[in-house]
Amino acid sequence: MACESCDQLVDFCCTFVVPEGFTTVLNPDGTYKASVAFNTDCLFCNTEICESEMTIPNPCPPNNPLLCPVILNRLVVQGSIRFISSLEVMDSQGNSSHICCHGESCVDNILLYTCQDVDPCEGFDFTNIDVVNLDVDPANCTNACDTILTLRGQFDFCVPSTATFSNPASITIPAGGTAGPASPYPSVINVAGLDGTITKVTATLNGFSHTFPLDVDVMLVAPDGTTNTILMSDPDSGTGVTNLTLTFDDAATSSVPCGGLLTTGTYKPTNCPGFSDAFPPPAPAPNPIVALSNFNGLAPNGAWKLFVVDNAGGDVGSISGGWSITITTTCP
């Protein structure tokens, strides 16, 4: 099956019959006072497989590019949207009321593509559908007494966007000696170009090494300069670690180990108990709620800051590959 273009719009229409003796009520801009309510209970999400092509560099002479097949998953919304539209009218005495029309639009739309190992329907819902391009015009039919109007519009399946931003520069823990803030402090990722507000954040440390991880505290701070969460604080029992990739996700099944060996993996943000979390200025005071959901509802763009501290002497480390942040936002 070939990979076709996405289409986020579904057309709908219905017909109003304005009885003789009633007039339509207009907005100040001259448009009709019409509204639409709709129901998505008859929609479902389906994952389909399709085949596309990708050009890959050929390292061997004569270095002709390779055109290789690629299998993708795509999210297809199928079913129907039932809707009711209301039009405000007024009688000869100046009393306002409403007349209605209703209908049902069939849906079979491709909304997005993902890599083969990602299920595009996972976590997808139908809460981001908007009514757009709403218009009311005289119908192409006549009635001796009544006025016939046609309402047209589109349902817009707005798909939330997800983007990853990185800062690959190494972070030295600590900046000097064997205790204190890391260098740089903070490490910064500038996020730009995202619309909407945040619904999910994950963060990844690339190449984390330390001779005594129990000394290390890591905090992520949003562009507003105050909203934050600890990612990890005083992890494991003190066993040295080398070149770990640590991803922090509220949906992870495990917390950072507070009394066992820290290994590469995905963890819930974790503040191990029994130790203080002292982040020198310019870091804000750590939020006692340890969760990346602290950032939900915020604007995503701006400088995200990673503060790393070694809070005891005698050991050193680094995050050799820097860090990254993945942000999912609502529709604009």
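In table form, for the structure just shown:
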read-out	value
Dimensionless Rg ratio for segment 9-158, taking C-alpha atoms and the 2.2 N^0.38 Å reference	1.59
Sequence ranges 53-60, 186-193, 323-330, ranked by mean other-Cβ count within 10 angstrom, highest first	323-330, 186-193, 53-60
Cα-centre dipole for the chain with unit charges at Cβ (Lys and Arg positive, Asp and Glu negative), debye to 20	780
Qualifying lysines (Cα of each under 18 Å from Cα of LYS305; at least 8 residues distant if same chain)	LYS200
Extended-chain gain in nm, criterion 0.36 nm per residue less alpha-carbon gap, MET90 and SER209	35.5 nm
Beta bridges by DSSP in segment 197-295, antiparallel share as percent, to the nearest 5	65
Pairwise label distance in nanometres, GLU53 with ASP29, each label 7 Å out on the Cα-Cβ vector	4.5
Where labels lie 7 Å past Cα in the beta-carbon direction, separation of ALA303 and CYS145 in nm	7.3
Per-selection metrics, segment 212-332 (Cα): Rg and Dmax in Å	14.2, 49
Projected area averaged over orientations for the chain, convex hull of C-alpha atoms, nm²	25.4
Förster-model FRET efficiency, 51 Å R0, ASN39 and ASN243, C-beta, rounded to 0.05	0.45
Computed FRET value (nearest 0.05) for THR264 with ALA175, which takes r as the C-beta separation and R₀ as 25 Å	0.50
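Quick note: the coordinates plus some simple rules give every number you see, no bench work behind them. The shown structure was predicted, so the numbers you read here are calculated from the model rather than taken from an experiment. FYI the Cβ positions are ideal-geometry reconstructions off the backbone, even for glycines, and counts take in every protein chain you see.
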